[in-house]
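Shown next, in structure tokens, is the structure this report addresses.
The values are calculated or read from the model by the stated rules, or taken from the named source; none is laboratory data. The shown structure was predicted, so the numbers you read here are calculated from the model rather than taken from an experiment. Positions of Cβ are generated from backbone atoms using ideal geometry, with glycine treated the same way; all protein chains shown enter the neighbour counts. All accessible areas refer to the heavy atoms of the entire protein, side chains included, with ligands and DNA or RNA removed. Shrake-Rupley method; radii C 1.70, N 1.55, O 1.52, S 1.80 Å.
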Amino acid sequence: MSGRVLQLNTDELVSALYAVDAVDLLAEELRDGVTGKVGDDMPDGRIIQLPGPDDLVLLEDQRVGRRCVLPARALAASRMAALATIAVRALVTPGAVTAAVLGPGSATSLLLPLILGRAGGLSHVAIFHGAGASSQERVQPQLLAELDRAGVGWTVTEAAADAVFGATLVVGLVPRPDRLDIGVPASGALLINTARVGFAGGVVDQARQIYVDDASLSRPGGSGRAACGHTVDGDTTYEPSPWCVESSPEDTWPTPHGGQPSPAAAGARRSGGLRPRRRRTGRPGRSSRDVRPIEAELGQLLTGEHAGRTGADDILLVDLLGAWALDVRLACTLHRAALSRGFGVQRDEWP
């Protein structure tokens, strides 16, 4: 491993993200998680959380024998944006898409360009940053100008329900301390959750189908968010989901995988699909409405194992359990793109 270290700031990491095909990279991981294929290039290296207040991680890229210091939050948000874009391409109602994005400007600014470039059909975006959002948490003028150039209308709202009203695509971003009250979703809406808590008002009960990126992360002891209250193959009951309970336990965000493949890649070691099966268990004091079945993983949509949306008016929910993980393979891809394009600052050593 070379002694020199490449340091990337957030803008440089984002430039590398737009220079590579992160959506196809994550789609391959999701497909591999279903088919059981383990790529020859995984794992690529390992990620080490660095001490201090700067939210940085050290990537050891074994293939090129180099190291790179990356902003952890931007790296995790890159994975989130790519996964959400995959869900949009697979499940959004065909035709003009009116979107509501609920979250801070930094994550919104990563997500919307990927949807614009890889999903298409976007006609209007309503953005809700959160009550009392500071100027740093709001979307920057550069993104709004990009939407203008693409012919996409936009509004910034003061209430989540105002942003969601009439939207056919709703994306909830980053962990929140409480649930978002989004009102009643539009007929045919696709709801994508990347946060640790869900939407208020029994939104999950209105969803015709529920999809996840990696069902193994919904099991007790999984490396994703709190164990999820969905069922797999209709015969397994897990702990309550953030969609079904008052709150979810706090955990470390984002979740580094300590040199292991990302959740979908780790899922490649499974026999495929939504196995293993387990005996259904009852829990005192819980009603049947507390648990909903998982329809499929996104990887099953990509392989054609599951047909996906069956009705244009159905409300669908996608719970991205591994959205904010620190993905080693993605980090290596971004590192190599930065090296080849001269992004970042080369340092002889890291303090």
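Structure data summary
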read-out: The one condition in (1) surrounded by fewer than 21 Cβ atoms within 10 Å (Cβ to Cβ); (2) over 21 Å from the mean Cα position of the chain (by Cα); (3) of a type in the set (D, E, K, R) that ASP61 fails to fulfil; value: (1)
read-out: Residue in the range 68-90 that is open to solvent by less than 40 Å² (accessible area, probe 1.4 Å), in contact with a Phe, Trp or Tyr (Cβ under 7 Å, 6 or more places away or on another chain), under 21 Å from ALA207 (Cβ atoms) and outside any helix (DSSP H, G or I) present; value: no
read-out: Residue count, the range 18-38 (criterion: more than 21 Å from ASP214 (Cβ to Cβ) and not hydroxyl-bearing (Ser, Thr, Tyr)); value: 2
read-out: Residue that is surrounded by the fewest Cβ atoms within 10 Å (Cβ to Cβ), among those in the range 152-164 that are modelled with pLDDT under 95 and farther than 14 Å from THR108 by Cβ; value: GLU158
read-out: Of all residues making up the range 318-335, the number that are assigned to a helix (DSSP H, G or I) and of a type in the set (A, V, I, L, M, F, W, C); value: 5
read-out: Some residue of the range 112-131 being open to solvent by less than 40 Å² (accessible area, probe 1.4 Å), farther than 24 Å from ILE315 by Cα, assigned to a helix (DSSP H, G or I) and touching an Asp or Glu at 6+ places or on another chain (Cβ under 9 Å); value: yes
read-out: Any hit, the range 37-56, residues being modelled with pLDDT of 90 or more, closer than 20 Å to SER15 by Cα and of a type in the set (Val, Ile, Thr); value: no
read-out: Matching residues in the range 69-106 - criterion: being modelled with pLDDT under 90 and within 23 Å of ALA145 (Cβ to Cβ); value: GLY103, PRO104, GLY105, SER106
